[in-house]
Amino acid sequence: AQTVTQSQPEMSVQEAETVTLSCTYDTSESDYYLFWYKQPPSRQMILVIRQEAYKQQNATENRFSVNFQKAAKSFSLKISDSQLGDAAMYFCAYRSATTGTASKLTFGTGTRLQVTL
Amino acid sequence: DVKVTQSSRYLVKRTGEKVFLECVQDMDHENMFWYRQDPGLGLRLIYFSYDVKMKEKGDIPEGYSVSREKKERFSLILESASTNQTSMYLCASSFPWYFGPGTRLTVT
């Protein structure tokens, strides 16, 4: 079974600074997807960024980028120019690519990010 | 722009009660999921359904059952609620993935 580990329960960053959230995972599969989800205090889960395992290029979405190290099974999220609205719980998630679109998401335990002035 | 809705944002029930949590999606998705979210444990999959009347157990199905009679609706049932089922419950549908706003259930 796949597992996702987020070792940082809480992180803090000053506004306009850069912060990196860590995620490692364990799988025997070679084809899969990785995601970072954001859950603001309002609780609606929002997709931040996704990475296909077969792509070597790291995904980027505006101020959000990932460092995907497939051999190390590491998938960290970098938030640049942090804003107050980035304060949220961030979840790393894994999905197998072998069982089609019906496959489930496996989540880490989350990292709560605080953004200070 | 409603995509996934859940019947209640907050719910308080007594031990032993039968509890129904409803989830509705308007995207004609085949797959629907129920997760439970607890601090320090992340989201854990309770049950999922990949078609009407089809269901599969997730990682923590004990104490729960589900029903999917129509494609757009996926219900989570607590047959006899217990205090250890106090939690946040999140519904999701795919593909692509969308999450509901969550139901905070307290069992007293």
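The values are calculated or read from the model by the stated rules, or taken from the named source; none is laboratory data. None of these values were measured; they are calculated from a predicted model. Neighbour counts run over all protein chains shown; Cβ positions are idealised from the backbone, glycine included. Ligands, DNA and RNA are stripped out before the accessible areas are found, and what is left, the full protein with its side chains, is counted by its heavy atoms. Shrake-Rupley method; radii C 1.70, N 1.55, O 1.52, S 1.80 Å.
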In whole percent, the fraction of accessible protein surface over segment A:3-116 that belongs to carbon or sulfur atoms, probe radius 1.4 Å, stands at 46
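Determine, from the Cβ-Cβ distance of B:Ser80 and A:Ala1 and an R0 of 41 Å, the FRET efficiency 1/(1 + (r/R0)^6), rounded to the nearest 0.05. Don't skip to the end; give the middle numbers.
Values: r = 29 Å, r/R0 = 0.70.
My answer for the efficiency is 0.90.
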Tell me, Kirkwood radius of the protein assembly as shown from alpha-carbon pair distances, in Å? 18.1
The size of the Cβ-based charge dipole (Lys, Arg +1; Asp, Glu -1) of segment B:6-88 about the Cα centre, to the nearest 20 debye, is 240
GluC sites (Glu not before Pro) within segment A:1-100, DSSP loop, no more than 14 other Cβ atoms inside 10 Å: A:Glu15, A:Glu17, A:Glu29
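Would you tell me the mean number of C-beta atoms belonging to other protein chains that fall within 10 Å of each C-beta in B:31-37, as a whole number?
Values: counts 5, 0, 3, 0, 4, 0, 7.
Mean inter-chain Cβ contacts per residue within 10 Å come to 3.
What's the whole-number percent of alpha carbon pairs in chain B lying beyond 17 angstrom?
Here the long-distance tail beyond 17 Å is 47 percent of all Cα pairs in chain B.
What pairs from A:Lys78/A:Lys104; A:Lys104/B:Lys55; A:Lys55/B:Lys55; A:Lys78/B:Lys57; A:Lys55/B:Lys3 go past 23 Å between their alpha carbons? Walk me through the numbers before you get to the answer.
Numbers: A:Lys78/A:Lys104 25 Å; A:Lys104/B:Lys55 13 Å; A:Lys55/B:Lys55 32 Å; A:Lys78/B:Lys57 34 Å; A:Lys55/B:Lys3 30 Å.
Those over the limit are A:Lys78/A:Lys104; A:Lys55/B:Lys55; A:Lys78/B:Lys57; A:Lys55/B:Lys3.
Give me the 1.4 Å probe accessible area per residue for chain A, excluding ligands and nucleic acids, in Å². Mind showing how you got there, number by number?
Numbers: 5740 Å² over 117 residues.
Heavy-atom accessible area per residue stands at 49 Å².
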Within a Gaussian network of chain A (alpha carbon springs, distance under 10 Å), most fluctuating of A:Thr60, A:Thr18, A:Thr98: A:Thr98
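Across peptide A:42-54, how many C-beta atoms of other chains are within 10 Å of each residue C-beta, on average? Please list the in-between numbers first.
Numbers: counts 2, 10, 8, 12, 2, 4, 0, 0, 2, 0, 0, 0, 0.
Shielding by partners across A:42-54 averages 3.
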In units of 2.2 N^0.38 Å, the Cα radius of gyration of segment A:14-66 is 1.32
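Using a probe radius of 1.4 Å on protein heavy atoms only, what is the accessible area buried between chains A and B, both sides summed, to the nearest 100 Å²?
On the way: alone 6620 and 5980 Å², together 10930 Å².
The A and B chains share an interface burying roughly 1700 Å².
Using only atoms on other chains, find how many Cβ atoms lie within 10 Å of each Cβ of peptide B:88-97 and report the average. The partial results should precede the final answer.
Numbers: counts 2, 0, 4, 0, 3, 0, 6, 4, 3, 9.
Average neighbour count from other chains, rounded to a whole number: 3.
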Can you classify chain A as rounded, prolate or oblate using the Cα gyration tensor, where a ≥ b ≥ c are the square roots of its eigenvalues, rounded means a/c under 1.5, and otherwise it's prolate if a/b beats b/c and oblate if not? prolate
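Rounded to the nearest 5, what % of the DSSP beta bridges within the protein assembly as shown are antiparallel ones?
Percent antiparallel among DSSP bridges in the protein assembly as shown is about 90.
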For chain A, modelled as a Gaussian network with Cα springs under 10 Å, which listed residue fluctuates most, A:Tyr32, A:Tyr54, A:Tyr90? A:Tyr54
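Evaluate the charge dipole of segment A:3-116 about its Cα centre and quote only its size in Debye, nearest 20, assuming +1 on the Cβ of each Lys and Arg and -1 on the Cβ of each Asp and Glu.
240
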Determine which residues of segment B:13-56 fall in the zone a paramagnetic label at B:Lys70 would reach in this model, i.e. backbone nitrogen under 14 Å from the point 7 Å along Cα→Cβ. B:22-29, B:52-53
Which order do the peptides B:28-34, B:47-53 take when ranked by the mean count of other beta-carbon atoms within 10 Å per residue, highest first? B:28-34, B:47-53
